[in-house]
Amino acid sequence: MLVLHGSNGSPFVSRVRMQAYAKGLEIELRPAALGTPEFQRLNPIGKMPVLEHDGFVLPESLVICEYLEDAFPTPSLLGALPQERAQVRLICRTVDLYCSGVLLLLWAAADPSLKVNLAEEREKLDKGLNALESFLSADGFAASDMLTLADCVLAPWLFYGAMLTKQGDDALTRRPKIARYVEFAGHQEVVRKIWGEMDESYRAFMTKWRAKQQAASAT
């Protein structure tokens, strides 16, 4: 039995969910009780997601994805050739190491009290997006002509990356390969499913957060 502890609003949780959908795996999503002793026992780092598989406990989203590829190798989402597999991992690593700052920028826009060096964070994000623009396939899916783990990592990130576009930011639209991929991904059924789940979770979170902000300002 596969159990994933986390929230659909997290792109790190959603990448595992998208992988499971693409591989036809049944995976139960359970809310992560962050900060509780029970969750700390699952993951001492205290972050989601955490996978449980028949008593085996594993944190860290990319490690979970690699584990699922080993445990359920068909269909493979890593590619057949060493070069293909390397390209998939390169895109995954680029998103995680150099593009994750988009979440911080969006949160700073929503909460002006958050102390963030916006110019520095934006410079880091632009560097990551320039690399991603270089590494992405010119057509089709992110790393090849088939859906791979690179898509499972990139597509959930785009749910938040696209918010920059909605704010009038051209970070994605002025990069041709990224802009092309955004359009392409939006027509993929599994991506639309993941984005729908993320949107529902995000809206619920923001409703609760705004209510707390209003309650705090009223006291």
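The values are calculated or read from the model by the stated rules, or taken from the named source; none is laboratory data. Only a predicted model underlies this, so the values are computations on that prediction, with no experimental measurement involved. Positions of Cβ are generated from backbone atoms using ideal geometry, with glycine treated the same way; all protein chains shown enter the neighbour counts. Each accessible area value is taken on the protein alone, full model and side chains, heavy atoms only, with ligands, DNA and RNA left out. Shrake-Rupley method; radii C 1.70, N 1.55, O 1.52, S 1.80 Å.
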Inset, instruction - Obtain the nm distance between the two label points defined at Asp170 and Arg93 by a simple spin-label model: each point lies 7 Å from its Cα along the Cα-to-C-beta direction. - result: 3.2 nm
Inset, instruction - State, in angstrom, two size descriptors of the stretch 77-204 derived from its alpha carbons: Rg to one decimal place and Dmax to the nearest whole number. - result: 14.7, 48
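In the chain, what percent of the accessible surface is made up of carbon and sulfur (1.4 Å probe, ligands and nucleic acids excluded)? Could you put the intermediate results ahead of the total?
Working: 6560 of 11510 Å².
Carbon plus sulfur share of accessible area: 57 percent.
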Inset, instruction - Send over the Kirkwood Rh of the chain, from the inverse of the averaged 1/r over different Cα pairs, rounded to one decimal Å. - result: 18.3 Å
Inset, instruction - Please list the non-local residues whose amide H lies under 5 Å from the amide H of Val50, H modeled 1.01 Å from N, same-chain partners needing a gap of 5 or more. - result: His5
Inset, instruction - Give me the accessible area of Val63, 1.4 Å probe, in Å² rounded to the nearest 10. - result: 70 Å²
Legend entry - Long-range amide H partners of Arg175 with built H, under 5 Å: none
Inset, instruction - Kindly report, to the nearest 10 Å², the accessible surface of Val3 as traced by a 1.4 Å probe over protein heavy atoms only. - result: 10 Å²
Legend entry - Heavy-atom SASA rank of Glu69, Glu60 (probe 1.4 Å, accessible area, largest first): Glu60, Glu69
Inset, instruction - For n ≥ 4 DSSP H runs only, could you compute -39500 (n - 2.57) per run for the chain, divide by its residues and tell me the 222 nm figure to the nearest 500? - result: -20000 deg cm²/dmol
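Ordering Lys47, Lys177, Lys115, Lys193 from largest to smallest accessible area (1.4 angstrom probe), what's the sequence? Write down the numbers at each step before the final one.
Numbers: Lys47 135, Lys177 50, Lys115 190, Lys193 100 Å².
Of Lys47, Lys177, Lys115, Lys193, the descending order of accessible area is Lys115, Lys47, Lys193, Lys177.
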Legend entry - Kirkwood hydrodynamic radius (C-alpha pairs) into Stokes-Einstein, the stretch 153-219, 4 °C and 1.567 mPa s, D in µm²/s: 96 µm²/s
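Can you give the percent of C-alpha pairs in the stretch 112-175 whose distance is more than 19 Å?
Working: 796 of 2016 pairs.
Tail of the P(r) past 19 Å holds 39 percent of the pairs.
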Inset, instruction - Compute the FRET efficiency between Arg180 and Leu114 as 1/(1 + (r/R0)^6), taking r as their Cβ-Cβ distance and R0 = 30 Å, and round to the nearest 0.05. - result: 0.40
Legend entry - Charge dipole magnitude, Cβ of K and R +1, D and E -1 - the stretch 1-143, Cα centre, debye nearest 20: 180 debye
Legend entry - Accessible area expressed per residue, the chain, with surrounding protein chains retained (probe 1.4 Å, Å²): 53 Å²
Legend entry - Charged-residue dipole, Cβ positions (Lys, Arg, Asp, Glu), the stretch 113-219 about Cα centre, Debye nearest 20: 500 debye
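Between Ala71 and Glu189, what length in nm is gained on full extension when 0.36 nm per residue of separation is reduced by their alpha carbon distance? All intermediate terms of the calculation are to be shown ahead of the outcome.
On the way: separation 118, 0.36 × 118 = 42.48 nm, distance 2.46 nm.
In short, 40.0 nm is gained.
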Legend entry - Distant-in-sequence amide H partners of Leu29 (H built 1.01 Å from N, under 5 Å): Leu4
Inset, instruction - Report the calculated FRET efficiency for Lys127 and Glu38 (r = Cβ-Cβ distance, R0 = 35 Å), to the nearest 0.05. - result: 0.35
Inset, instruction - Eight or more residues apart or on different chains, and alpha-carbon atoms under 29 Å: count the Lys pairs in the chain matching that. - result: 25
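Based on Cα coordinates alone, diagonalise the gyration tensor for the stretch 1-56, multiply each eigenvalue by 5, take square roots, and list the semi-axes in whole Å, largest first. Intermediate values should be presented prior to the final figure.
On the way: eigenvalues 76, 33, 12 Å².
Output for the stretch 1-56: semi-axes of 20, 13, 8 Å.
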Inset, instruction - Please compute the Cα-Cα pair-distance distribution of the stretch 24-152 with 5 Å bins starting at 0, giving whole percents from short to long. - result: 2, 9, 15, 16, 16, 17, 14, 8, 3, 0
Legend entry - the stretch 98-111 - phi-based ³J(HN,Hα) in whole Hz, Karplus 6.51/-1.76/1.60, Gly and Pro as x: 10, 10, 5, x, 4, 5, 5, 5, 5, 5, 5, 5, 7, 10
Legend entry - Computed accessible area, Met18, all protein chains, 1.4 angstrom probe, square angstrom: 0 Å²
